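The values are calculated or read from the model by the stated rules, or taken from the named source; none is laboratory data. Keep in mind that this is a model prediction, so the values were computed, not measured. Glycine gets a Cβ as well: all are built from the backbone with ideal geometry, and neighbour counts include every protein chain shown. Remember, those area values only see protein heavy atoms, side chains included, never the ligands or the DNA or RNA. Shrake-Rupley method; radii C 1.70, N 1.55, O 1.52, S 1.80 Å.
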Amino acid sequence: PGPAAPEPPAPESSLAGAAGEAGDWFVNFGSYRERAVAESWAKKLKPAAGKVVVSRGSKNGGTFYRVRVVSLADRAAAEQVSRQLQQDYGLPRLWVGMDH
């Protein structure tokens, strides 16, 4: 038998970074009072890496919905996605962080 066939590439939405490895870094795109608005933004975003998620949070008794690009391999990948989103949407600097 010949060499094993290479595995098919992962779907674009599941890529975490240049190496395709999931990481703990994220880019915070925005927070919204209405889930529908957050979900709408999440569907529009096409980051070069990572996965777009909407998470629910609360502050001062109010609920908000945060849109983040998560599972980025390292700070460099997160900064790259941040720059891409800033350029694509004419935004000020986005918050880059790491989940612990």
>> Amide H of residue 29 versus every other amide H placed in the peptide plane: which residues, excluding those fewer than 5 positions away on the same chain, fall under 5 Å?
In response: 67, 68, 69
>> Test of understanding: extend the Cα→C-beta vector of residue 53 to 7 Å, then name every residue of region 64-93 with backbone N under 14 Å from that spot.
In response: 66-73
>> Can you tell me the length gained on complete extension of the stretch residue 35 to residue 88, counting 0.36 nm per residue apart and subtracting the Cα distance?
In response: 16.8 nm
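Taking region 46-100, which trypsin sites (Lys or Arg not before Pro) meet the DSSP loop condition and have no more than 16 other C-beta atoms within 10 Å? Could you put the intermediate results ahead of the total?
Values: sites: 51, 56, 59, 66, 68, 75, 83, 93; in loops: 93.
Sites meeting the loop and neighbour criteria: 93.
Which value, in Å², gives the accessible area per residue of region 24-100 when a 1.4 Å probe is used on the protein heavy atoms? Don't jump to the answer; show the numbers that get you there.
On the way: 4740 Å² over 77 residues.
Here the residues of region 24-100 average 62 Å² of exposed surface.
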